[in-house]
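See structure below.
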Amino acid sequence: MSDARVAAPELPAGPTKASAVGEKPAVGMRALPVEDSKRRNVMLSVARQVVFYGALLAVWALVVEAKIWSPYLLPSPKGVAMALWDGFKDHSFWIGIAVTMKRMLIGYSLSVVLGMIIGLGVGSSKFLEETLGGLLVSLQSLPSICWIPLAVLWFGLTEKAILFVVLMGSLLSVTIAMEDGRKQMPKIYGMAGRNLGARGFRLFWHVLLPASLPYIVSGLKQGWAFGWRSLIQAEMIFLSLGLGQLLMMGRDLNDMSQVIAVMLLIIVIGFIVDGLVFRTVERRLQNKWGLAPSS
């Protein structure tokens, strides 16, 4: 007999301790640096803003201390802070913000609805594109303040005149953005929606509008900015209750601290609306449509 021995078949080796322990931490090790990187970026951004605005306040205070201009022309940061405190304490700033925001929301909402309807019509009709489309582009170059004399003649010194100015200030931007979004949207989306049975309003609401959103959000943002500026201009001229009226009151009283305080309120409200509303919508649309920049 042969002395050769039959080797037993080797069993497949199970996961070693190193591999079993090493796989999951590898994923965690990849995830943690990403989270840490995002956190560092946010903290770095906040730190930069704090340093920038702190340096800006320091330069402002130094210029005031140098007495290059009289306090009548350039108040100190402390004087502006006191004006803000007094305005909120006597509720005049709260009332002005509430009245101005109410007008802005009404006028801007009307402009969005009308702008979407007109823009969709112009983007879908060759006749409207060749006729009304050129007129819309020409009217957009018209400064918003030019609508104020027309509003006074049509509506008088009333609330309707102010809303008309806000409407015309933001309508054209929203309309042109909707028109561009309708044109740039791939036609295959509409064809696919029709093949699935969508018609009329259902096709617009469930297919055309969502597909056009990445293109028209920038127009909505621009329309808000134009409408916001138009509203403040109208309130300054009509001398109606609001932030614009408080701005003119500070001028009439030779109170430069109040003027700068109201200007800061106008800037801060615009910044908040842009950051909390439009940037949030843009970020979600970018993530949904795969347009977010790679990190």
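Only the coordinates and a few stated rules stand behind these numbers; no lab work does. Quick caveat, the model's predicted, so the values are computed rather than measured. Don't worry about glycine lacking a Cβ; one is built from the backbone with ideal geometry, like all the others, and counts go over all protein chains shown.
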Segments 53-65, 164-176, 83-95, 229-241 sorted - mean Cβ within 10 Å per residue, highest first: 164-176, 229-241, 83-95, 53-65
Local electrostatic count, residue 236, Cβ distance below 15 Å [Lys/Arg +1, Asp/Glu -1]: +1
Estimated dipole of segment 77-288 in Debye, rounded to 20 [Cβ of Lys and Arg +1, of Asp and Glu -1, Cα centre]: 920
Long pairs among 102/160; 126/183; 89/221, criterion Cα-Cα beyond 23 Å: 89/221
